[in-house]
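Worksheet: the structure to be examined is printed underneath.
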Amino acid sequence: MSQHVLALCGGVGGAKLAAGLAAVLPPERLTIVINTGDDFEHVGLSVSPDIDTVVYTLSGLADEVRGWGVADESWQAIEQLGRLGEPDWFRLGDRDLAMHIARTRRLRAGETLSEITADLAKRLGIGPALVPMSDDPVRTKVETEDGLLDFQRYFVAEQCHPVARAIGFAGAREARPSPGFAAALARKDLGAVIVCPSNPYLSIDPLLSLPGVRQQLAELHVPRVAVSPIVGGQAIKGPTAKLMTELGASVDVVGVARHYQGLIDKLIVDEADRAEAPRVEALGIAVDAAPAIMRSQADRIALAKATLAAAGVAVEP
Ligand code: FO1
């Protein structure tokens, strides 16, 4: 029986591995569950940054250099909005605006985020199921030395400068996992769970904060494999290292392993971190080493294949 793969994913790093998985697995064998803790409303529009990043990456529309939004972008609308006195600190590009307008209109018309995401992804030619973690609002908040900040305020407006003390997910306790997330976790043919190399605290913890998810993952009897977003003691991208330090975690693959202890069976580390394997294994987590920095589509595919092999999932050649 062909096994199904459930990938848990946040922004850029996660989206790259998701693109690799999408390239090597038939679409009906892959469900990608995406963090929505970063979602917020901006200039009256519903923005879902991690969904956007995954959609744009898998459809080939992403701006790979900037790391968010659409390639060949222009900024006339947001600049004009700024002139009109609207908030322009969060840059919505002209092409990107179409996504937020479509999503906002459909949410207001009563469709769920799951339905909208599935349809927009299909329209952009994406095969695998893209699933928001929840259709209910969950909002990441960062408790900093300067006070409690909404996620995008902390991340974009404040550029992660305030020292973080704790992270919370407002609404998580009342939220339910989306139907697609719940169904994927319960699949009889589930062959593996892949935790993509996204920020464990900002991108994966929101998924784990949903009622029942952490426990279900802990009790699953299929291989659960995470890919480390930390390579050689540094984050591949973004504020992961700064945040881990501020939250008291060690900025290395051992810190990542400790964070996921009890939830994963294996951690894929970059070859540069091979020497750390015994310290990770001491936590009851097996280690495989593979090149974990994804600069090209070939790198994404190679890491996806290594991750699936580590999970014992067969891939047709
Ligand atoms: N990140 C920025 O650093 N500055 C921006 O102005 C910005 C705009 C933006 C618009 C749409 C979108 O989908 C993402 C956007 N991002 C922007 C990225 C986003 O804030 C973060 O990268 C994610 O939330 C973290 O995964």
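Okay, here's what the table says:
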| item | result |
| --- | --- |
| Length-normalised contact order of the chain in % [C-alpha pairs under 8 Å, at least 6 apart] | 21 percent |
| Debye, to nearest 20: dipole size of the chain, +1 on Lys, Arg Cβ, -1 on Asp, Glu Cβ | 540 debye |
| Rounded, prolate or oblate (a/c below 1.5 giving rounded, otherwise prolate when a/b exceeds b/c) for region 153-258 by Cα gyration tensor | oblate |
| Translational diffusion of the chain, µm² s⁻¹ [Kirkwood Rh, Cα pairs; Stokes-Einstein; 25 °C; 0.890 mPa s] | 125 µm²/s |
| Contour excess over end-to-end distance, with Cα ends at GLU115 and TRP75 and 0.36 nm allotted per residue | 11.5 nm |
| Pairs from LYS188/LYS266; LYS242/LYS266; LYS242/LYS305; LYS141/LYS305 whose Cα-Cα separation, in the structure shown, is over 27 Å | LYS242/LYS305; LYS141/LYS305 |
| Solvent-free Debye scattering, log10 I(q)/I(0), computed from the Cα coordinates of region 30-107 at q = 0.13, 0.17, 0.18, 0.22 Å⁻¹ | -0.39, -0.67, -0.75, -1.10 |
| Cβ-derived FRET efficiency at R0 30 Å, ASP150 paired with GLN234, nearest 0.05 | 0.65 |
| Separation between Cα centres of region 147-224 and region 255-301, rounded to whole Å | 19 Å |
| Difference of contour (0.36 nm per residue) and Cα-Cα distance, SER250 to ALA98 | 50.6 nm |
| GNM top mover of ALA109, ALA277, ALA304 - the chain, alpha-carbon springs below 10 Å | ALA109 |
| Rounded to the nearest 20 debye, dipole of region 1-159 from Cβ charges on Lys, Arg, Asp, Glu | 520 debye |
| Relative contact order (percent, whole number), region 184-291, Cα cutoff 8 Å, 6+ residue spacing | 24 percent |
| Added length on full extension, which subtracts the Cα-Cα distance from 0.36 nm per residue, ALA182 to SER296 | 37.8 nm |
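Any read-out appearing in this document is the output of simple, stated calculations on the displayed coordinates, not a laboratory observation. Worth saying up front: this structure is predicted, and the values here are computed from it rather than measured. Don't worry about glycine lacking a Cβ; one is built from the backbone with ideal geometry, like all the others, and counts go over all protein chains shown.
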